[in-house]
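Peer 1: Starting off with a structure, shown below.
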Amino acid sequence: MLLNDVKNYLNITWEDSELDSKLSSMIERGKASLSNSIGQGLDFENDTQAKTLLLNHVMYENSAILHEFYKDYKEEINTLYILERVKNAKDKE
């Protein structure tokens, strides 16, 4: 489950339903934001570059520095954007 992966990534080992709800909202916002920037159909469940970006997006938002995320990960986001466009073009052939 993605929430457990995020909690593990953030080293959150305790149970807190309010925190789980907050993190779940961050996950959904991160997925929407990355999908808008890169493209729909990203795989956030498996060990992919998209999932790594999502984990970092949540970490930045949880640390109240989300405004830094797109600056710090611009290269990775652009690379994934290009890879997704190439993949989609090949799928159309």
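The values are calculated or read from the model by the stated rules, or taken from the named source; none is laboratory data. Nothing here was measured: the structure is a model prediction, and the numbers come from that model. Here the Cβ is made from the backbone with ideal geometry for all residues, glycine too, and neighbour counts use every protein chain on show. The protein model used for the area step is the full one, side chains on, heavy atoms only, and it has no ligands, DNA or RNA in it. Shrake-Rupley method; radii C 1.70, N 1.55, O 1.52, S 1.80 Å.
Peer 1: Might you tell me the accessible area per residue for the chain, computed with a 1.4 Å probe and given in Å²? Walk me through the numbers on the way to the answer.
Peer 2: Working: 6020 Å² over 93 residues.
Computed with neighbouring chains in place, this is 65 Å² per residue.
Peer 1: Got a sec? What order do Arg29, Arg85 fall in by accessible area at 1.4 Å, biggest, i.e. largest, first? Walk me through the numbers before you get to the answer.
Peer 2: Working: Arg29 120, Arg85 95 Å².
Output order, biggest surface exposure first: Arg29, Arg85.
Peer 1: If you don't mind, there's one more thing I want to ask. I'd like to compare 73-84, 46-57, 7-18: which one has the highest average count of other Cβ atoms within 10 Å, and what's the full order after that?
Peer 2: Details: 73-84: 14.4, 46-57: 17.3, 7-18: 10.7.
Final packing ranking: 46-57, 73-84, 7-18.
Peer 1: Hey, another quick one. Let me make sure I get this right: for the stretch 48-93, a, b and c are the square roots of the gyration tensor eigenvalues over alpha carbons, sorted descending. Under 1.5 in a/c it's rounded, otherwise prolate if a/b > b/c, else oblate. Which is it?
Peer 2: Prolate, because a/c is 1.5 or more and a/b exceeds b/c.
Peer 1: Quick one: Debye curve from the alpha-carbon atoms of the chain only, equal weights, vacuum; give me log10 I(q)/I(0) at q = 0.12, 0.17, 0.18, 0.22 Å⁻¹ to two decimals.
Peer 2: Scattering profile of the chain, log10 relative to I(0): -0.39, -0.72, -0.79, -1.10.
Peer 1: Now, a different point. Per-residue accessible area for Ser63 at 1.4 Å probe radius, Å² rounded to 10?
Peer 2: Taking all protein chains as shown, Ser63 has close to 70 Å².
Peer 1: Kindly flag which residue pairs out of Lys31/Lys74; Lys31/Lys71; Lys31/Lys90 have an alpha-carbon separation exceeding 19 Å in this structure. Display every interim value, and only then the final one.
Peer 2: Details: Lys31/Lys74 16 Å; Lys31/Lys71 17 Å; Lys31/Lys90 24 Å.
Distance filter (> 19 Å) returns Lys31/Lys90.
Peer 1: If you don't mind, another one. Roughly how many percent of the accessible protein surface of the chain is carbon and sulfur, given a 1.4 Å probe and a whole-percent answer? The partial results should precede the final answer.
Peer 2: Numbers: 2950 of 6020 Å².
Summing carbon and sulfur atoms, their accessible area is 49 percent of the total for the chain.
Peer 1: What is the gain in length, in nm to one decimal, between Asp91 and Ser63 on full extension, counting 0.36 nm per residue of separation less the C-alpha to C-alpha distance? Provide the component values of the computation, followed by the final result.
Peer 2: Numbers: separation 28, 0.36 × 28 = 10.08 nm, distance 3.82 nm.
Value of the extension gain: 6.3 nm.
Peer 1: Let me have the relative contact order for the chain, percent, based on Cα pairs under 8 Å that are six or more residues apart.
Peer 2: Working: 56 pairs, mean separation 25.6, N = 93.
27 percent.
Peer 1: Report, in degrees rounded to the nearest 10, the 0 to 90 angle that the Cα long axis of helix 17-38 makes with the longest principal axis of the chain.
Peer 2: With rounding to tens, the tilt is 10 degrees.
Peer 1: Would you calculate, for the chain, the mean residue ellipticity at 222 nm contributed by helices, counting each DSSP H stretch of 4 or more residues as -39,500 (n - 2.57) and dividing by all residues, to the nearest 500?
Peer 2: On the way: 5 runs with 70 residues, N = 93.
It lands at -24500 deg cm²/dmol.
Peer 1: Could you work out how far helix 74-92 tilts from the main Cα principal axis of the chain, as a 0 to 90 degree angle to the nearest 10?
Peer 2: Orientation of helix 74-92: about 50 degrees from the principal axis.
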